[in-house]
Every structure is written in structure tokens, then in C-alpha cells.
Amino acid sequence: MESWRGLKVKKIDEAKVVIAGVAYDLATSVSSGASFAPEKLRELSSFLPPATKDGKSIVDIKLYDLGNIANNETGLDNVYTEALNIFNLNKFPIFIGGDHSVSIPIQKAFKEYAEKLGKIPALIHIDAHPDFCDFYDESKYSHACTNFRAYENGYQLDNIILIGIRGHELQEIELFNKHPEIKIYNASAINQGKVDVLEELKKKFSDRYLIYLSFDIDAIDPASAPGTGTPEAFGLSVEYVNNLINGIIANLQVAAWDIVEVSPPLDINNITSWTALKIMYEVFATLINKNK
């Protein structure tokens, strides 16, 4: 069966959504395997009916798959240019990683794209980890350095929002103490019902902002998403993450989305890959409703 069953179009001009794989995972710090995620999600999508969990058709999404724009052999050198070309298509792009380092060149291109449109670029980072290290494992391009590189590339610290955090490096704690303008929604506060993240985001981000939404699957508790390289206990529920992602896309000016750190070799019965796919399909429905 063909990937993206019932959703693909043959001509990119007809598409509302474009998908690009970034099959790279050489910047991990614990366990790798995320380079296999783009092909695994494509494979499983051939079995998934084009409908939401509540039985609504999503065939109107009109999806075009661009294939992979990087892998472990080619590296990430061309990803900035490829991402900029994808943004200039003026479709809704979804990037499937890969470890979280793949977001570094994509977010750099997104900033240029947003500013060209006269918008303020912002990042919403849903993850168990802040990824705000300057260096990690003797590298400035570790998957733990994604947001520090975004800061260096010109994103304002108060426009980088961290959600689901529960695994801090000491250098990150030091950074956050020096820069309280970095907004962090810890998983513990969310799980205890102490904060309404979506309502706060809606108040912060007006239409002046263009948002890049980055979703690390390890934001979800590893009991529900075990196939990831750096699992962290005390995570968010699948339902909460799905509702949050769809709420953000429905209510804010999100112009790009990535899904990273799904590692099929570390998974059990493809639970994590299926979870990522099901969330994607709910997003397809949200995009259809938003563009009506």
C-alpha cells in the first residue's frame, strides 16, 4: 500500500501540506535510531485510514511528500537551504526527524522566512528537555543545544517557550537563573493542573508573531511513548499533548511543525510511531478546519 493512504496529491501545487523527512541522528547523547523515523512513519501511514480518532474524514488535507532532505551520510549542511525553499512554497511544512539537532538549521531558515513576511519569529518547544545547552558532549550541535543555537541565530529569549520540561542540565539551570524571561512550563506544574498553557500562549502571541512548533516525542511520558533515545519519567499524557498541539495550531499563527526523536529501533510494537502518526492526523483535521 502507498504511504499517506488517501491523503497524497501528485502535484505539489495542489498540496496544502508538505512533508519532509530529516533522517539524521548523529547528534544524540544516549541512544540513537531516530534516523529511521521518517520511513517508519511513512510505512505505517499506509495502514492508517484517512480519518481522525473521532471518525472525521481528513482527505481534504491534500498532502505532498518531498521525501528526505538529509540523512546520516549527507549530514545537515544543506538543510538550511532546503528548509528555506520549503518555507517559500507557502504551504504548511511538517519536518519528520531525526534527532532534535535537525531543528537547528530549519529554525534558522524559519527566522529568515518570518522576518521576510514582517513577522516576529517565535519558537514553542514541547519536550522533556530544554535543549538550551551551549555545548554538550563537546559539540555545539548536539540535540541538547537546539534552543541555544536558536538564541545565537537571533530568536529573542522571551519568544522561546519551553513546555513539558523535566530533565535539566546544570548549565541550563544556571542560564535560566540569569534569564528569567525564558518561559518554562515544567511537566510537574502541567500534570498538577496548576497552569493553563494554551490560554497563556494565546495571550502572549498575537498575529504579529509567526511560530515554529517543535515537538519532541519524549515530552510524552515514556510509559506511552517508549521509543525515544532519552526517555524521562513523570511526563505528559498523550491526550494532553495532542490537545495542546492542536490547540496551538488552531489558535496561533503556526507556520511550521517538526516531530523529532521518535526512534523505531527502541520502540515496542511501534507504539511511539503510531502515537506520532495519530497526533499528525489530528493536526491534519485542525488544519482543514482552520483553512475553511
task: Multiply the residue gap between F47 and V30 by 0.36 nm, knock off their C-alpha separation, and tell me the result in nm, one decimal place.
output: 3.0 nm
message: Report the Cα centroid-to-centroid distance between the range 213-292 and the range 140-162 in angstrom, as an integer.
response: 20
Spin-label proximity, K194 to the range 237-256 - amide N less than 14 Å from point 7 Å beyond Cα toward beta carbon: none
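In the chain, what % of DSSP beta bridges are antiparallel (nearest 5)?
Values: 2 of 40 bridges.
If we restrict to bridges inside the chain, about 5 percent are antiparallel.
Over the chain, consider all pairs of different Cα atoms and compute the Kirkwood hydrodynamic radius from their mean reciprocal separation; express it in Å, one decimal.
Result for the chain stands at 18.7 Å.
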task: Please build a GNM for the chain, connecting alpha carbons under 10 Å apart, and tell me which residue among K278, K203, K108 fluctuates the most.
output: K203
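Give the range of the longest stretch in the chain that excludes all GluC sites (Glu not before Pro) found in loop regions by DSSP and having at most 13 other beta-carbon atoms within 10 Å. Walk me through the numbers on the way to the answer.
Values: sites that count: E2, E73, E138, E181.
Here the longest segment lacking exposed loop sites spans 182-292.
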- line: Counting sequence-distant residues (5 or more places) and residues on other chains, those with an amide H built under 5 Å from that of F92 are V17, V18
task: Take the solvent-accessible surface of the protein heavy atoms, probe 1.4 Å, and return the percent of it on the range 50-90 that carbon and sulfur atoms account for.
output: 43
field: Partners for K56 among lysines (Cα-Cα distance below 29 Å; same-chain residues under 8 apart left out)
entry: K8, K10, K11, K16, K40, K91, K202, K278, K290, K292
message: Could you work out how much longer the chain between E181 and L89 gets when fully extended? Use 0.36 nm per residue separation minus the Cα distance between them, nm to one decimal.
response: 29.8 nm
- request: Could you work out which residue, out of F47, F92, F36, moves most in a Gaussian network model of the chain, that is, has the largest mean-square fluctuation with Cα springs under 10 Å?
  value: F47
field: Average accessible area per residue (Å²) across the chain - probe 1.4 Å, nucleic acids and ligands excluded
entry: 42
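The values are calculated or read from the model by the stated rules, or taken from the named source; none is laboratory data. Predicted model only: the values in this text are computed from it and were never measured. Every residue, glycine among them, receives a Cβ derived from its backbone with ideal geometry; neighbour counts consider all protein chains shown. Note: areas computed on protein heavy atoms with side chains; ligands, DNA, RNA excluded. Shrake-Rupley method; radii C 1.70, N 1.55, O 1.52, S 1.80 Å.
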